[in-house]
Amino acid sequence: MFGRFTKYLRLERLAKLLGMRKQIQLGFYGPVNAGKTTLANRISIDWLGKEVGKVSEIPHETRTIQKIENVEVTTNNGHVLRMNIIDMPGIATQVDYKTFASYGLTLEESKERAKEATKGVIEAIKWLDNVDAVLVVMDASEDPYTQVNVTIIGNLEARGIPMIIVANKIDLPNASPAGIEGAFPQHVVVSISASTGLNMEKLYEAIQEHLT
């Protein structure tokens, strides 16, 4: 038994020396409309040529877990990231069907969307048992110190799940990634724009360094 374990450690060490990293289950978590699906689409389109899911200004557009497997990203420094991308529904403390009325949804559509969104939040939390690492996506133009953000970070810390905080939407004029860095100074924060692709290479390098 001990001999097999020692051999396993040697193989792990050799794999790291050769730059061979395992394929990680990378979950995308964050509040509603932070840009999780936009980021997942950015990575998947750039490296696989296909979308992960639909994006919309209507809250809770993503209400089910969306998964793209076998994504391989080659960084500028020659590392290869092998990932399964799991795009999670937006986390919310409550989902009020009345919110959707202003977007033109009928009462029936609003109630159904709220029901699906609530179920999606529960499934996303359950999926924490199945991810190796997490990108916590936050909107850099919003106040980062919210109950949702604190709850997500606290859950990941309690479970010991490695994470990177993604300060998204830095292309917006009122974006303040420094606010996110100040709110969560104990964690790695990478500032990007998923919609324009700005700083994506920095994110890939951070994933390679901290999550693989």
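Structure notes:
- Filter result for Ala124 (closer than 28 Å to Ser44 by Cβ, under 15 Å from the mean Cα position of the chain (by Cα), of a type in the set (Gly, Ala, Ser) and surrounded by 21 or more Cβ atoms within 10 Å (Cβ to Cβ)): yes
- Within region 44-60, the set of residues being in contact with a strand residue (DSSP E or B) (Cβ under 6 Å, 6 or more places away or on another chain) and part of a loop (DSSP other than H, G, I, E, B) comprises Val52, Gly53.
- Complete set of residues in region 61-87 that are in a loop (DSSP other than H, G, I, E, B) and either among the basic types (Lys, Arg) or more than 15 Å from the chain's Cα centre (by Cα) (or both): Glu61, Arg63, Thr75, Asn76, Asn77, Gly78, His79
- Residue list for region 129-152, filter: assigned to a helix (DSSP H, G or I) and within 12 Å of the chain's Cα centre (by Cα): Ile152
- Checking each residue in region 19-43 for being part of a loop (DSSP other than H, G, I, E, B) and touching a residue at least 40 places away in the same chain (Cβ under 8 Å) picks out Gly19, Arg21, Lys22, Gln23, Gly30, Val32, Asn33, Ala34, Gly35.
- Selection over region 69-102 of residues that are basic (Lys, Arg) and under 16 Å from Leu211 (Cβ atoms) gives a count of 1.
- For Ile180, the conditions (1) part of a helix (DSSP H, G or I); (2) over 24 Å from Ile122 (Cβ atoms); (3) in contact (Cβ under 8 Å) with a residue 60 or more places away in the chain are fulfilled apart from (3).
- Condition check for Val95: crowded, with 17+ Cβ neighbours inside 10 Å, of a type in the set (A, V, I, L, M) and part of a strand (DSSP E or B): no
- Region 134-162 - residue that is among the small types (Gly, Ala, Ser) and closer than 20 Å to Ile207 by Cβ and, of those, surrounded by the most Cβ atoms within 10 Å (Cβ to Cβ): Ala140
FYI, it's all coordinate maths here, none of it is from the lab. Everything quoted here is computed from the prediction, not taken from an experiment. So basically every Cβ, Gly included, is an ideal-geometry build from the backbone, and we count neighbours across all protein chains shown.
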